[in-house]
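> Take this structure, written in structure tokens, and hold onto it; I'll ask about it next.
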Amino acid sequence: MEHYCWTCVGWNEVDWDGLEMATSQISKKRKFVADGVFRAELNEFFTRELAEEGYSGCDIIIRATHTQEVLGEKGRRIRELTSLIQKRFKFPENSLELYAEKVQHRGLSAVAQCESLRYKLLGGLAVRRACYGVLRFVMESGAKGCEVVVSGKLRAARAKSMKFTDGFMVHSGQPAREYVDYAVRHVLLKQGVLGIKVKIMKGWDPEGLTGPKKPLPDSVQIKDPPVDKIVAEPTSDHREAAAVVAPPPAEEPVYQQDAGFDQPVDGFQGQPGF
């Protein structure tokens, strides 16, 4: 894996086919377009130059499976690549540095497997045998699923497509962008051009080494039940019934009579008789 870093030059100092774009006068739209063209052309350049070394993409980092061949004898190959990039994009000398780092999980890289399948077909290996070999290697590397599609004139004069799948694969939605690695390559044979498509479904990795840290939205994690304490001999606990205390009886309220209620009224000594 190689990654390049910029020391003295920025993205805005690139001259695209005579178009002068000064840093102070460039608009945001032109800047994003220039960055996209720069990345696309740089990726195409490394794909052409480092195909045999297992080039696996470029996103500020150039990934390769054979780093020693990328470096060359005493760093000669890496210096040639640096010089070519400086001349093409008109960078000042000694303003660009390339570093190489080996890809840790080659079986989970769709680009690396696509290039591997391409060279197998160029070597004359049968399509089914080559595809099943790639499929088996990807699944043994810890992938959750894999899909390989080869289309073109495989045997007869009429073109057809062959698909090889294994495991679980997501085809749409945000999980497809986060979990699926996709690559397309073309191989020129005697009968014509064959198209190769490789899709690798990575698994969930909390550490983020072999897959995304975020789990799938529909994943269900079943936790193990708690381990109960093993009882060697049966035991019983004797517990006395708790004494129930009766509440005290409620006291009747005492009503005070009105002082003037028992006094006879003037002219009335008692209840009249009938």
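> If we keep just the residues of region 173-186 that are aliphatic (A, V, I, L, M) and under 12 Å from the mean Cα position of the chain (by Cα), which is nearest to D205 (Cα to Cα)?
Across region 173-186, the extreme among qualifying residues is V180.
> Hey, another quick one. Using the structure shown, decide if V170 is surrounded by 13 or more Cβ atoms within 10 Å (Cβ to Cβ), β-branched (V, I, T) and either within 14 Å of the chain's Cα centre (by Cα) or farther than 16 Å from L108 by Cα (or both).
Taking the combined requirement at face value, the residue satisfies it.
> Moving on. Let me spell it out: the conditions are (1) surrounded by 13 or more Cβ atoms within 10 Å (Cβ to Cβ); (2) in contact (Cβ under 8 Å) with a residue 12 or more places away in the chain, and G192 meets all of them except one. Which number is the exception?
It is condition (1) that G192 fails.
> Output the number of residues of region 126-169 satisfying the condition of being outside any helix (DSSP H, G or I) and within 22 Å of L50 (Cβ to Cβ).
Residues that pass the stated criteria total 1.
> Can you pull out the residues in region 147-180 that are among the small types (G, A, S) and under 13 Å from K197 (Cβ atoms)?
Once the filter is applied, which keeps residues that are among the small types (G, A, S) and under 13 Å from K197 (Cβ atoms), region 147-180 yields S151, G152, S161.
> Could you list, in sequence order, all residues of region 92-125 that are outside any helix (DSSP H, G or I) and crowded, with 17+ Cβ neighbours inside 10 Å? If you could, list the steps in order and put the result at the bottom.
Taking region 92-125 as the starting set, the residues that turn out to be outside any helix (DSSP H, G or I) are 92-105, 109, 123-125.
Those that are outside any helix (DSSP H, G or I) and crowded, with 17+ Cβ neighbours inside 10 Å: L96, L98, A100, V103, S109.
> Among (1) surrounded by 15 or more Cβ atoms within 10 Å (Cβ to Cβ); (2) within 28 Å of the chain's Cα centre (by Cα), which single condition is Y132 missing?
In the conditions (1) surrounded by 15 or more Cβ atoms within 10 Å (Cβ to Cβ); (2) within 28 Å of the chain's Cα centre (by Cα), Y132 misses (1) alone.
No value in this document is a laboratory result; all are computed from the given coordinates. Note that the coordinates shown come from a computational prediction; the quantities given were computed from them, not determined experimentally. Cβ sites come from the backbone with ideal geometry, for glycine too, and all protein chains shown count toward neighbours.
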